[in-house]
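Everything below concerns the one structure shown next.
The values are calculated or read from the model by the stated rules, or taken from the named source; none is laboratory data. Computed from a predicted structure; not experimentally measured. Cβ sites come from the backbone with ideal geometry, for glycine too, and all protein chains shown count toward neighbours. What goes into the accessible areas is simple: the full protein's heavy atoms, side chains included, and nothing from ligands, DNA or RNA. Shrake-Rupley method; radii C 1.70, N 1.55, O 1.52, S 1.80 Å.
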Amino acid sequence: MTGPHALKPFLLAFPGPLRDRLVAAVLSGEKVATTGLLVEYEVENEELPEAGERSALIDSDGREVAVVEITEVQVLPLGEADLRLALDEGEGFLSVAQWREAHERFWHSEDMREGLGDPSFVVDDSTMVVVERFRVVEALRLDG
């Protein structure tokens, strides 16, 4: 296997407490899915991930903490998000409504709107989202 430096970064949320929680949930095996906005890929001119692709999970300090492999990628309208997805996100959501509320809070945040270059950006049922399911292939030992 090539070194982790050859892998593109797998980034969850923005650095800080939320990313720390999400990274911990991935490492514990609770979080096996994540949902992003299709428009993020368009704004950053980035290709959608593909099943089989591996990337390096990055913590808030910018360290590579694990190698993850994408197992499935789906593009669907936000209104079609289901309970399985809410549970697979590993953040303790018990309903789609809870999951959606937390995601809308993030997607409507100043940081996200700034990143998208749209200060009034909002999502609705028809907003296209990208669901990535993944598994941890290897946890990387952190020194120190």
Solvent accessible area, Å² - R113, 1.4 Å probe, full protein context = 60
Which residues' amide hydrogens lie under 5 Å from the amide hydrogen of E138, considering only partners 5 or more residues apart or on another chain, with H built in the peptide plane?
-> V67
Mind checking the alpha-carbon convex hull of region 7-59 and giving the volume per residue in Å³?
-> 93
List the GluC sites (Glu not before Pro) in region 1-51 that DSSP assigns to loop (not H, G, I, E or B) and whose Cβ has at most 10 other Cβ atoms within 10 Å. Which are they?
-> E44, E46, E47, E50
Would you mind counting up the charge near V68? Only other residues with Cβ under 12 Å from its Cβ, with Lys and Arg at +1 and Asp and Glu at -1.
-> 0
Inter-centroid distance (Cα atoms) of region 67-85 relative to region 88-131, Å = 13
Net dipole in debye of region 10-63 [+1 Lys, Arg Cβ; -1 Asp, Glu Cβ; about Cα centre; nearest 20] = 340
Among W99, V67, S120 the positive-end extreme of the charge dipole of the chain (Cβ point charges) = V67
Heads up, I need the accessible area for S120: 1.4 angstrom probe, whole protein in place, Å², nearest 10.
-> 90
Which option, [x] 131; [y] 122; [z] 113, is the value of volume of the Cα convex hull per residue in Å³ that was calculated from these coordinates?
-> [z]
In region 1-117, what percent of the accessible surface is made up of carbon and sulfur (1.4 Å probe, ligands and nucleic acids excluded)?
-> 50
Express in Å², to the nearest 10, the accessible area of H108 obtained by rolling a 1.4 Å probe over the protein heavy atoms while all chains stay in place.
-> 50
Phi angles of region 42-56, converted by Karplus (6.51 cos²θ - 1.76 cosθ + 1.60, θ = phi - 60°) into ³J(HN,Hα) in whole Hz with x for Gly and Pro, give 5, 4, 8, 6, 10, 6, 5, x, 10, 4, x, 6, 10, 8, 9
Quick calc, D61 & S126: beta-carbon distance into FRET formula, R0 35 Å, rounding 0.05, result 0.40
Checked against the positive end of the charge dipole of region 1-114 (+1 on Cβ of Lys and Arg, -1 on Cβ of Asp and Glu, about the Cα centre), the farthest of P77, A24, L7 is A24
Computed label-point distance, nm, for sites E69 and D118 using a 7 Å Cα→Cβ extension | 3.5
To the nearest 20 debye, the chain has a Cα-centred charge dipole, built from +1 on Lys and Arg Cβ and -1 on Asp and Glu Cβ, of 480
